[in-house]
2 protein chains.
Amino acid sequence: MGNVTVDITTSLDGFVAGPNQSREHPLGEGGEKLHDWALGLKSFRELHGETGGETNRDSEVLDEVFDAVGVTVMGRGMFGGGKGPWGSDPTFDDPWEGWWGDDPPFHGPVFILTHHAREPLAKQGGTTFTFVTDGIEVALEQAQAASGGKDVLIAGGAKAIQQYLAAGRVDELQIHVVPQLLGDGERLLENLGGELPELEAIRVIESPKVTHLKYRVVK
Amino acid sequence: MGNVTVDITTSLDGFVAGPNQSREHPLGEGGEKLHDWALGLKSFRELHGETGGETNRDSEVLDEVFDAVGVTVMGRGMFGGGKGPWGSDPTFDDPWEGWWGDDPPFHGPVFILTHHAREPLAKQGGTTFTFVTDGIEVALEQAQAASGGKDVLIAGGAKAIQQYLAAGRVDELQIHVVPQLLGDGERLLENLGGELPELEAIRVIESPKVTHLKYRVVK
């Protein structure tokens, strides 16, 4: 079976999103700029159906992740945000199909942690969203069954990642640290429960825009 | 004039000390292990009057800092902890002379931010503690005047560093990130005020025990 991995960008002060997340700012105020390092990369553009872009050490790091991942798990906020049952936000399309458009960048099965049951949603490019209401363990089992032996990526948000870390379910954690401070927002490494994961550094890759820190969870 | 620098070890979740700091655990529960990477190094041992020890990339990083620093500034908690005026903790010696023993590892002038006026305290090995009650700007002026053109190190704790960062007074920030999670304690990068410092990555140095991240404050 593949690894269960986390791969996420944080500010130097540890936030994966800024404060005041909204439909206009799904990543909160200032949160979009966390991902500036990735936007121009060939590997990132390809996933989003675009051509061109840079190849460098950062794109190699991204390629490595994309090649390894078979299935993605995410929280409901990362799928589509909003409060209350799907479509209850009157400004959202009904049924609301999330942030990711007609051809999402996942290109494989995606399992969404939610309390609201819903039929699976198939999109272009191989992405299917399956909504799991039975908790993180069941979602992970379903993801691993669908992964064909590849990695299962716990993509976010912070709360979903925290739950899997606290449950001891994550094998590898890669954090792309950008030289920015957000001051407030959604912090990655908190609410990890009483028995904290023990980590071992695997490697560090440096580039001008971002530092890629990779850890193995040893216990 | 030299730079104003910060050089400090944090856990991966951003803490410089664990929870429940006390006389027995000045760095809080679990906080001592943050510094395991440094204890065996030749450069660290020399500062503490000991011989032997390893030389490697980590010790080079430490040597670089020690060579550059002329004067140290720290908060009162880092000098000696305790609550209330000096010596008010009945378990402390009176007058309480801090955590650092007869031959402290600073080997130069140290300015302590405090609300309690006190005569300067001279120690062996060139360390003198001067107590400044007029705020961070005055302490920095005095430190720079005494630095002989070398760097002024804002050594800690977190609160002192935060105050200088928020005031736009820090030129360079080096964080030694160890692959540990503390879960709670004293966080370095918070309370930085409304206008957050803008950072530029200078370099990354990796070793098995710690990752040294160095940033320049550009604004």
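Keeping to region A:32-53, report how many residues are of a type in the set (Gly, Ala, Ser) and in contact with a Pro (Cβ under 9 Å, 6 or more places away or on another chain).
1
What number goes with the only condition from (1) outside any helix (DSSP H, G or I); (2) within 28 Å of B:TRP99 (Cα to Cα); (3) within 14 Å of chain A (Cβ to nearest Cβ) that B:VAL152 does not pass?
Exception for B:VAL152: condition (3).
Looking for whichever is touching an Asp or Glu at 6+ places or on another chain (Cβ under 7 Å) and touching a residue at least 24 places away in the same chain (Cβ under 8 Å) here; the options are A:PRO179, A:PRO109, A:PRO197, A:PRO105. Which one fits?
Just a single option satisfies the conditions, and that option is A:PRO179.
Tell me the residue from B:ARG216, B:ARG203, B:ARG187 that is within 12 Å of chain A (Cβ to nearest Cβ) and without any contact (Cβ under 8 Å) to a residue 12 or more places away in the chain, please.
Only one candidate passes the filter, namely B:ARG203.
Among the residues of region B:34-42, is any outside any helix (DSSP H, G or I) and within 23 Å of B:LYS214 (Cβ to Cβ)?
Taking every residue of region B:34-42 in turn, at least one turns out to be outside any helix (DSSP H, G or I) and within 23 Å of B:LYS214 (Cβ to Cβ).
Which residues, counting only those in region A:6-42, are over 15 Å from A:VAL178 (Cβ atoms) and either among the aromatic types (Phe, Trp, Tyr) or surrounded by fewer than 21 Cβ atoms within 10 Å (Cβ to Cβ) (or both)?
A:PRO19, A:ASN20, A:GLN21, A:SER22, A:ARG23, A:GLU24, A:HIS25, A:PRO26, A:GLU29, A:LYS42
For region B:106-122, name all the residues that are in a strand (DSSP E or B) and surrounded by fewer than 20 Cβ atoms within 10 Å (Cβ to Cβ).
Passing the criteria: B:LEU121, B:ALA122.
Looking at (1) surrounded by fewer than 20 Cβ atoms within 10 Å (Cβ to Cβ); (2) touching a residue at least 12 places away in the same chain (Cβ under 8 Å); (3) in a helix (DSSP H, G or I); (4) of a type outside the set (Phe, Trp, Tyr), which one does A:GLY168 not meet, given that it meets all the others?
Checking A:GLY168 against (1) surrounded by fewer than 20 Cβ atoms within 10 Å (Cβ to Cβ); (2) touching a residue at least 12 places away in the same chain (Cβ under 8 Å); (3) in a helix (DSSP H, G or I); (4) of a type outside the set (Phe, Trp, Tyr), the one that fails is (3).
Write out, first by first residue and then by second, each pair whose Cβ atoms fall under 9 Å of each other, whose residues are 6+ apart or on separate chains, and whose first residue, in region B:123-134, is of a type in the set (Gly, Ala, Ser) and exposed (fewer than 15 other Cβ atoms within 10 Å of the Cβ) while the second is at pLDDT 95 or above and outside any loop (DSSP other than H, G, I, E, B).
B:GLY126/B:PRO109
In region A:191-200, which residue that is in a loop (DSSP other than H, G, I, E, B) and at the interface with chain B (Cβ under 7 Å from one of its Cβ atoms) is surrounded by the most Cβ atoms within 10 Å (Cβ to Cβ)?
Here the answer is A:PRO197.
Of the conditions (1) within 14 Å of the chain's Cα centre (by Cα); (2) at pLDDT 95 or above, B:GLY80 fails just one. Which one is it?
The number of the failed condition is (2).
All but one of (1) at the interface with another protein chain (Cβ under 7 Å from one of its Cβ atoms); (2) on the phi > 0 side of the Ramachandran plot; (3) not β-branched (Val, Ile, Thr) hold for B:PRO179; state the number of the condition that does not hold.
Here B:PRO179 meets the rest and fails (2).
The values are calculated or read from the model by the stated rules, or taken from the named source; none is laboratory data. From a predicted model like this one, the values you see are computed outputs, not experimental measurements. Positions of Cβ are generated from backbone atoms using ideal geometry, with glycine treated the same way; all protein chains shown enter the neighbour counts.
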